[in-house]
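**Student:** Structure provided below as structure tokens; questions to follow.
The values are calculated or read from the model by the stated rules, or taken from the named source; none is laboratory data. As the structure is a computational prediction, the values presented were derived from the model and not from experiment. Because the Cβ atoms are built from the backbone with ideal geometry, glycine has one as well, and the counts that use them run over all protein chains shown. The protein model used for the area step is the full one, side chains on, heavy atoms only, and it has no ligands, DNA or RNA in it. Shrake-Rupley method; radii C 1.70, N 1.55, O 1.52, S 1.80 Å.
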Amino acid sequence: MQIITDSSCDLPKEILEENNIIVVPLNIEIDGENYVDGINLTHEEFYKKMRASEGLPKTSQPSPQSYVDAFKKAAQRTGETLCIHLSSKLSGTMNGAIMVREMMEKKIEVFDSLSGSMGVGMQVLKACEMRKEGASLEKIIEKLKEYRDEMRVVVYLETLENAVKGGRVNRVKEMVANLLNLKAIVHVEEGYVKILKTIRGKKRATNFILEQIAEKNMDFKDRIIGITHCDCIEDALALKEEIIKRFSPAEVLVTTMGPVIGTHSGQGGLLVCF
């Protein structure tokens with residue numbers, strides 16, 4: 001079985017290669033220049049360009065040809081294909097895959113992650129794990145639905161700068177938030193991004209995220225917790241250390257957040273998937 005995802009999954013290159021995952025890239029426009037995520041724009045280059053830009057980068061779903069290429073590549077490898085994509089509530093990426101799928105002859109299932117960044121990536125890894133165990137496509141989809149529905153994705157926003165650039169928050173509100181040291185925490189609920197809480201100070205905000213993990217009231221010894229960061233590796237590693245100390249998960253996977261979600265999270269943002 002071939003597994004396909006899109007570049008919003010934010011899985012490190014070595015994991016993608018190790019698990020033979022095909023990635024369909026999304027597109028980014030910054031100051032009138034067009035880029036293809038992971039092809040001619042790295043995450044590091046993206047954050048450098050985003051910092052220098054007066055406007056907010058624009059992201060768009062993969063081209064139809066990108067899907068055609070991915071599906072043809074998959075068809076050469078196996079008879080069945082599973083596509084796991086960015087939430088349909090946030091992007092047209094999944095619908096694009098469905099449209100192109102109708103042109104193909106092979107069996108292709110398209111699954112809505114109802115998530116973004118590592119929330120997509122963790123579901124991709126779960127599918128890869130079950131594939132190694134010999135699970136059928138139908139069984140994988142069944143388990144993915146359960147995994148998706150009980151998964152939590154929480155994002156810490158260090159700054160409202162990108163919200164201002166995107167026209168969602170005015171500059172006065174940003175100045176007030178900075179003056180009061182207010183930090184916003186959002187989460188993914190039913191595929192949408194919603195504000196969860198506003199807290200004063202980074203330390204209190206990160207403690208709140210740890211409390212959210214604790215509220216799951218589960219044994220994490222067989223579970224991976226994912227962290228993606230917006231060009232703030234030190235903060236991500238400090239959070240990883242605290243998560244290991246408190247919850248002893250099987251693994252804490254840390255990587256950079258890509259342009260798709262990073263555009264809206266902004267510099268210093270942290271996403272935790274558990």
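**Student:** How much length is gained if the chain between K89 and E54 is pulled fully straight, taking 0.36 nm per residue apart and subtracting their Cα-Cα distance, in nm to one decimal? Could the numbers behind the result be given before it?
**Tutor:** On the way: separation 35, 0.36 × 35 = 12.60 nm, distance 2.70 nm.
So the extension gain works out to 9.9 nm.
**Student:** Just the number, please: carbon plus sulfur as a percent of the accessible area of the chain, 1.4 Å probe, no ligands or DNA/RNA counted.
**Tutor:** Numbers: 6420 of 13250 Å².
Ligands and nucleic acids excluded, carbon and sulfur give 48 percent.
**Student:** Quick one: order H264, H229 from most to least accessible surface, probe 1.4 Å. Could the numbers behind the result be given before it?
**Tutor:** Details: H264 100, H229 10 Å².
So the residues, ranked largest to smallest area, are H264, H229.
**Student:** Also: Please identify which residues in segment 192-220 have an amide N closer than 19 Å to a label point set 7 Å out from the Cα of E242, following the Cα→Cβ vector.
**Tutor:** Residues 196-218, 220 qualify, since their backbone N sits under 19 Å from the label point.
**Student:** For a Förster distance of 25 Å, can you work out the FRET efficiency between the beta-carbons of R223 and K107, rounded to the nearest 0.05? Write out the running numbers ahead of the final one.
**Tutor:** On the way: r = 30 Å, r/R0 = 1.21.
According to the calculation, E is roughly 0.25.
**Student:** First measure r as the distance between the Cβ atoms of K203 and E251, then evaluate 1/(1 + (r/R0)^6) with R0 = 22 Å and state the FRET efficiency to the nearest 0.05. Could the numbers behind the result be given before it?
**Tutor:** Details: r = 25 Å, r/R0 = 1.14.
Given R0 = 22 Å and the Cβ-Cβ separation, E is 0.30.
**Student:** Hey, another quick one. Which three semi-axes in whole Å describe the equivalent ellipsoid of the chain, each the square root of 5 times a Cα gyration tensor eigenvalue, listed largest first? Walk me through the numbers on the way to the answer.
**Tutor:** On the way: eigenvalues 186, 110, 44 Å².
Over the Cα atoms of the chain, the semi-axes work out to 31, 23, 15 Å.
**Student:** Sorted by average packing, counted as other Cβ atoms within 10 angstrom per residue and highest first, what order do 119-129, 52-62 take? Show your work: numbers first, answer last.
**Tutor:** Details: 119-129: 24.4, 52-62: 16.7.
Final packing ranking: 119-129, 52-62.
**Student:** Same structure again: Let me check I've understood the local charge: for N34, count other residues with C-beta under 13 angstrom from its C-beta, Lys and Arg +1, Asp and Glu -1. What total comes out? Before the final figure, lay out each step's value.
**Tutor:** Numbers: positive: K49, K58; negative: E29, D31, E33, D37.
Taking every Cβ under 13 Å from that of N34, the sum is -2.
**Student:** Please report how many Lys pairs in segment 1-124 have alpha carbons closer than 15 angstrom, counting only residues at least 8 apart along the chain or sitting on separate chains. Display every interim value, and only then the final one.
**Tutor:** On the way: K49/K58; K72/K106; K72/K107; K73/K106; K73/K107.
Close lysine pairs found across segment 1-124: 5.
**Student:** May I ask you to list the residues of segment 121-140 whose amide nitrogen lies under 12 Å from a point 7 Å from Cα along the Cα→beta-carbon direction of E80?
**Tutor:** What the label zone holds, given the 12 Å backbone N cut-off, is 130-140.
**Student:** Rounded to the nearest 500, what is the 222 nm mean residue ellipticity of the chain from helices alone, with -39500 (n - 2.57) per DSSP H run of 4+ residues and division by all residues?
**Tutor:** On the way: 11 runs with 117 residues, N = 274.
So the helix-based figure for the chain works out to -13000 deg cm²/dmol.
**Student:** Additional query: Taking the Cα centre of segment 40-102 as origin, work out the dipole magnitude from +1 charges on Lys and Arg Cβ and -1 charges on Asp and Glu Cβ, in debye rounded to 20. Before the final figure, lay out each step's value.
**Tutor:** Numbers: 9 positive and 6 negative charges, 9 e Å.
Charge dipole, segment 40-102, about its Cα centre: 40 debye, nearest 20.
**Student:** Give me the extension gain from K216 to E129: residue separation times 0.36 nm, minus the current Cα-Cα distance, reported in nm with one decimal. Please report the intermediate quantities before stating the final value.
**Tutor:** Working: separation 87, 0.36 × 87 = 31.32 nm, distance 2.25 nm.
Taking K216 through E129 to full extension adds about 29.1 nm, to one decimal.
**Student:** With θ set to phi - 60° and the Karplus curve 6.51 cos²θ - 1.76 cosθ + 1.60, what are the ³J(HN,Hα) couplings of segment 195-203 in order, to the nearest whole Hz, using x for Gly and Pro?
**Tutor:** Taking θ as phi minus 60°, the curve returns 5, 9, 6, 10, 10, 8, x, 5, 4 Hz for segment 195-203.
**Student:** Quick one: grab the alpha carbon gyration tensor of segment 186-274, order the square roots of its eigenvalues as a ≥ b ≥ c, and give me rounded if a/c is under 1.5, else prolate or oblate depending on whether a/b is larger than b/c.
**Tutor:** Values: a/c = 1.42, a/b = 1.29, b/c = 1.10.
Judged from the Cα gyration tensor, segment 186-274 comes out rounded (a/c under 1.5).
**Student:** Roughly how big is the chain's charge dipole about its Cα centre, with Cβ charges of +1 (Lys, Arg) and -1 (Asp, Glu), in debye to the nearest 20?
**Tutor:** Roughly 620 debye, rounded to the nearest 20.
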